[in-house]
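Written below as structure tokens is the structure these notes are about.
FYI, it's all coordinate maths here, none of it is from the lab. Here the structure is a predicted model, which is why all the values come from computation and not from measurement. When we count neighbours, we look across all protein chains shown, and the Cβ atoms used for this are built from the backbone with ideal geometry, even at glycine.
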Amino acid sequence: MEAKQRQKSINQNYNIKIEKVVVNIGLKETGEIVEKAYNLLKKLSNSKPVRTKATRAARTFRVRRGLNIGVKTTLRGEKALYFLRKTLKATENNLKKSSFDDYGNISFGLKEHLDIPEEKFDPEIGIFGLNITTTLKRSGYRIRRRKTKTKKIPKSIKIKKEDAMKFFTDEFRVKIIN
């Protein structure tokens, strides 16, 4: 009986949710390789990627400002959960403690997209690495982004590093390593 009363007293708005998952493929080159990365990300995420442009010139890489040097996509909802579960299997459900920051963001990378289960090598595409960034939120985060009466997020709503680690261990059965 006491457990039911305690469970009701916990605020449901305090629960952590996944806001978005951003998948990024950064490249040092331009041209055909960007199109290959675009097609790969489109196939992996089942969404339309966006090409990212260089903001600065880098002579050593022969990159001028404004050239396409990467591809990214943002996933939300069920697509984000599915993709996150799939990529966590590639890391064998292990994440480093340094992958978590103090604001509820988790970032990790895969050296090869072939580490993802059920992915086969396609000689036309090649092998690419990915960066996956996950942003967590609680109800009430909207006050930071709304158009009128924007306010700072209260400390009680902010997600700490420990909260994010606990969420990932409970929700995705992730083992956190040093």
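Computed extension length for E78-N46: 10.3 nm, one decimal, from 0.36 nm per residue of separation with the Cα-Cα distance subtracted. The label-point distance for D102 and E32, in a model that sets each label 7 Å from Cα toward Cβ, rounds to 4.8 nm. In order along segment 114-124, phi translates into HN-Hα couplings of 6, 5, 5, x, 6, 9, 10, 6, 10, x, 6 Hz, rounded to whole numbers, per the Karplus curve 6.51 cos²θ - 1.76 cosθ + 1.60 with θ = phi - 60° and x for Gly and Pro. Dividing the mean sequence gap of close Cα pairs (under 8 Å, 6+ apart) by how many residues the chain holds gives a relative contact order of 27 percent.
Shown here for segment 1-101: GluC sites (Glu not before Pro) in loop regions (DSSP other than H, G, I, E, B) with at most 14 other Cβ atoms within 10 Å, namely E29, E92.
Applying the Karplus relation 6.51 cos²θ - 1.76 cosθ + 1.60 with θ = phi - 60° to segment 144-157 yields 3J(HN,Hα) values of 7, 10, 5, 6, 10, 6, 5, 9, 6, 6, x, 4, 5, 8 Hz, where x marks Gly and Pro. Toward the positive end of the charge dipole of the chain, with +1 on the Cβ of Lys and Arg and -1 on the Cβ of Asp and Glu, the farthest Cα among L67, N39, T87 is that of L67.
Over the C-alpha trace of segment 69-125, radius of gyration and Dmax come out as 13.0, 40 angstrom. For the options V34, V63, V50, a Gaussian network treatment of the chain with springs between C-alpha atoms closer than 10 Å singles out V63 as fluctuating the most. Amide hydrogen proximity for V174: with H placed 1.01 Å from N in the peptide plane, the residues at 5 or more positions away or on another chain lying under 5 Å are T169.
Cross-link pairs exceeding 20 Å in C-alpha to C-alpha distance, out of K48/K86; K42/K111; K89/K161; K20/K120; K155/K175, comprise K89/K161; K20/K120; K155/K175.
Evaluating 6.51 cos²θ - 1.76 cosθ + 1.60 at θ = phi - 60° for every residue in segment 62-71, the Karplus couplings come out as 6, 10, 9, 5, x, 7, 6, 10, x, 9 Hz, glycine and proline recorded as x. Among I143, I33, I116, the largest mean-square fluctuation in a Gaussian network model of the chain (Cα springs under 10 Å) belongs to I143.
Footprinting exposure proxy ranking of S107, S99, S156, fewest other C-beta atoms within 10 angstrom first, gives S156, S107, S99. Among R144, R76, R51, the residue with the largest mean-square fluctuation in a Gaussian network model of the chain, with springs joining Cα atoms closer than 10 Å, is R144.
Compactness of segment 119-168 was expressed as the Cα radius of gyration divided by 2.2 N^0.38 Å, which yields 1.89.
Computed log10 I(q)/I(0) for segment 35-93 at 0.15, 0.19, 0.24 Å⁻¹: -0.58, -0.77, -0.93, from the Debye equation with unit scatterers placed on every C-alpha and solvent omitted. Once both labels are positioned 7 Å from their Cα atoms along Cα-to-Cβ, the gap between F121 and F61 label points is 2.6 nm.
Starting from the Kirkwood radius over alpha-carbon pairs of the chain, derive D by Stokes-Einstein at 20 °C in a medium of 1.002 mPa s and give it in µm² s⁻¹. Calculated translational D: 117 µm²/s. Calculated [222 nm] ellipticity per residue, helices only, for the chain: -8500 deg cm²/dmol; basis is -39500 (n - 2.57) per DSSP H run with n ≥ 4, divided by all residues, nearest 500. Full extension of the chain between K20 and T148 gives 43.7 nm of extra length, using 0.36 nm per residue less the Cα-Cα distance.
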